[in-house]
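Novice: Pasting a structure here, questions to come.
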Amino acid sequence: MEPTIYFVIPCYNEEAVLPETTRRLTEKLEAMRQAGLLGPDSRILYVNDGSKDKTWELISRYHQENPWVEGVKLAHNRGHQNALLCGLMTAKDRCDAAISMDADLQDDIDALDQFVQKFREGCDVVYGVRNKRDTDTWFKRTTAEGFYKVMKLLGVDVVFNHADYRLMSQRALEGLSEYKEVNLFLRGIVPLIGYRSDYVYYDRHERFAGESKYPLKKMLSFALDGITSFSVKPLKLISSLGILISVLSVFGLLYALISYFAGWAVSGWTAIVCSIWLLGGLQMLCLGVVGGYIGKIYSEVKARPRYRVETYLEKKPQDTQE
Ligand code: UDP
Ligand code: MG
C-alpha cells in the first residue's frame, strides 16, 4: 500500500513564497502520487506561526481550492521549532510518516522521492543532509559549521549539516511526543529517539522570495539553546577550572610566603594575595559542586524517556512445549 505522508511546513510571514511553494509542491506531490510513492490521504500541512501578513488568508484559500492542503493556525508566534512540533504532532495520528521542510523550498524537493523510498525500505528517520554550503555567505557557513563542531565536542549527537529537512515515521513521531521539554531543539532530540535511520543528500538553493526569518540574534539564541539543552559539560567545566585554580593557588601561596620571608614583600601583601588565590579557587570549586547538582536536577526536570523498546522477541505460553 502507498504510504500516507504529511508534509509539515511552518510559516511565519511567508506570503511572498506561499503561492509558488504551493504550486511547486502540488506538482511534485501529484508526480509522486502517479509514481505510486504517496497514498491518496497524503497532505501538505501548513502551520501558521502567528504571521502578521496574509499568510493565513492564503493558507485558508489553498485549503479550499487545493485537495492536498491543510492548515493549522497558532494563536501567536512561538518560533520555528514549536510551530514544527505542532505540525508533527498534528500529523502523528493521521499519517504513516511526516516530512518537515521550510516554506521557502530552499531544500531541494526533488529529494522527496528518496525520503519516501528509504522510508519504504524500513527507515524510521531519514535526515536530509546538505551537500555543500556554497549558497551561504562565508559568515553563515563558518558559524554554522563551527556550531556543529562545538556540539560534537560537548558530546551532543547531531547530524552534520542537517537542518530540519527530515522524514519521521509514525512511531518515531510517537517517540518524539515523549520529550516534554520546553526549550526545543529538534535536531538534537531526533537522534536520541533511536530506530533505524539513513541520510539523503541534496543541494540547498537560495530563497526565491521573502527574507530569512532567522536573523543573527535568533540564530545565536537557537545555537545556545542547542548547547544548553543537550549538554551539562559547561557546568562541569567550572569544577575543572576550580581544581586548576586551587592547584595554582598552592604555587601562588608558596611564592607569596617566599617573598615574605625573603623580605621582598610589602607588609600586608602576603596575607591579601594568599586569601585571594585560595578563596578564588575554593569558590570556583564550590560553584562546580553546585553546578554538578544543578546539572542533575536539569536532567531530572526534562524527564526524558529513559529507554525505548524497538522489538521484543516474546514467547507466548502456548509456544512452550511440554
Ligand atoms: N519560521 C517560523 N517561525 C518563526 C521563524 C521562522 O515558523 O518564528 C519558519 C519560516 O516560515 C520557514 C522556516 O521557519 O518556513 C525557516 O525559516 P527561514 O527560511 O527564514 O530560515 P533560514 O532558511 O534563513 O535559516
Ligand atoms: Mg530558509
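The values are calculated or read from the model by the stated rules, or taken from the named source; none is laboratory data. Since we're looking at a predicted model, the values are computed, not measured. We place every Cβ from the backbone using ideal geometry, glycine too, and count neighbours over all the protein chains shown. SASA here: full protein model, heavy atoms, side chains in, ligands and nucleic acids out. Shrake-Rupley method; radii C 1.70, N 1.55, O 1.52, S 1.80 Å.
Novice: Test each condition in (1) of a type in the set (Val, Ile, Thr); (2) assigned to a helix (DSSP H, G or I); (3) under 12 Å from the mean Cα position of the chain (by Cα) for VAL158 and report the one that comes out false.
Specialist: (2)
Novice: Here is a list of conditions, (1) surrounded by 16 or more Cβ atoms within 10 Å (Cβ to Cβ); (2) at pLDDT below 90; (3) among the polar types (S, T, N, Q), and SER197 meets all of them except one; can you say which number that is?
Specialist: Result: SER197 passes all but (2).
Novice: Mind listing whichever residues of region 152-165 are surrounded by 15 or more Cβ atoms within 10 Å (Cβ to Cβ) and touching a Phe, Trp or Tyr at 6+ places or on another chain (Cβ under 9 Å)?
Specialist: Of the residues in region 152-165, the ones surrounded by 15 or more Cβ atoms within 10 Å (Cβ to Cβ) are 154, 156, 158-159, 161-165.
Scanning region 152-165 gives LEU154, VAL156, VAL158, VAL159, ASN161, HIS162, TYR165.
Novice: Hey, among the residues in region 57-68 that are part of a helix (DSSP H, G or I) and of a type outside the set (Phe, Trp, Tyr), which one's surrounded by the most Cβ atoms within 10 Å (Cβ to Cβ)? Walk me through it before giving the result.
Specialist: First pass over region 57-68, keeping only residues part of a helix (DSSP H, G or I): 57-65.
Filter once more, so that each one left must be of a type outside the set (Phe, Trp, Tyr): 57-61, 63-65.
Details: GLU57: 13, LEU58: 23, ILE59: 26, SER60: 15, ARG61: 16, HIS63: 15, GLN64: 7, GLU65: 9.
Looking at the filtered set, the residue picked out is ILE59.
Here's the yes/no breakdown for (1) in contact with a Lys or Arg (Cβ under 9 Å, 6 or more places away or on another chain); (2) of a type outside the set (Gly, Ala, Ser); (3) at pLDDT 90 or above:
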| position | (1), (2), (3) |
| --- | --- |
| PRO215 | no, yes, no |
| ASP225 | no, yes, no |
| PHE230 | no, yes, yes |
| LYS236 | no, yes, no |
| GLY242 | no, no, no |
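Novice: Restricting to region 94-109, give me the number of residues that are more than 16 Å from ligand 2 (Cβ to nearest atom) and either small (Gly, Ala, Ser) or at pLDDT below 95 (or both).
Specialist: Residues flagged as more than 16 Å from ligand 2 (Cβ to nearest atom) and either small (Gly, Ala, Ser) or at pLDDT below 95 (or both) within region 94-109 amount to 2.
Novice: So is GLN283 open to solvent by 100 Å² or more (accessible area, probe 1.4 Å), within 30 Å of VAL247 (Cα to Cα) and of a type in the set (S, T, N, Q) or not? So that I can check it myself, show each step before the final result.
Specialist: On the way: open to solvent by 100 Å² or more (accessible area, probe 1.4 Å): yes; within 30 Å of VAL247 (Cα to Cα): yes; of a type in the set (S, T, N, Q): yes.
Yes; evaluated as a whole, the condition is true for this residue.
Novice: If you don't mind, there's one more thing I want to ask. Quick test for you: out of LEU58, LEU18, pick the one residue that is within 25 Å of the chain's Cα centre (by Cα) and farther than 15 Å from ALA97 by Cα.
Specialist: Working: LEU58 fails: within 25 Å of the chain's Cα centre (by Cα).
Sole residue among the options that is within 25 Å of the chain's Cα centre (by Cα) and farther than 15 Å from ALA97 by Cα: LEU18.
Novice: Residue check: is THR22 crowded, with 22+ Cβ neighbours inside 10 Å, at pLDDT 95 or above and in a helix (DSSP H, G or I)? Give the derivation first.
Specialist: Details: crowded, with 22+ Cβ neighbours inside 10 Å: yes; at pLDDT 95 or above: yes; in a helix (DSSP H, G or I): yes.
The answer is yes for THR22.
Novice: Mind checking which residues of region 298-316 are open to solvent by 100 Å² or more (accessible area, probe 1.4 Å) and either closer than 25 Å to GLY242 by Cα or assigned to a helix (DSSP H, G or I) (or both)?
Specialist: Correct list: GLU300, VAL301.
For every residue, the table says whether it meets (1) at pLDDT 95 or above; (2) among the hydrophobic types (A, V, I, L, M, F, W, C); (3) within 17 Å of ASP102 (Cβ to Cβ).
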position	(1), (2), (3)
ILE44	yes, yes, yes
GLN64	yes, no, no
ALA75	yes, yes, no
CYS86	yes, yes, yes
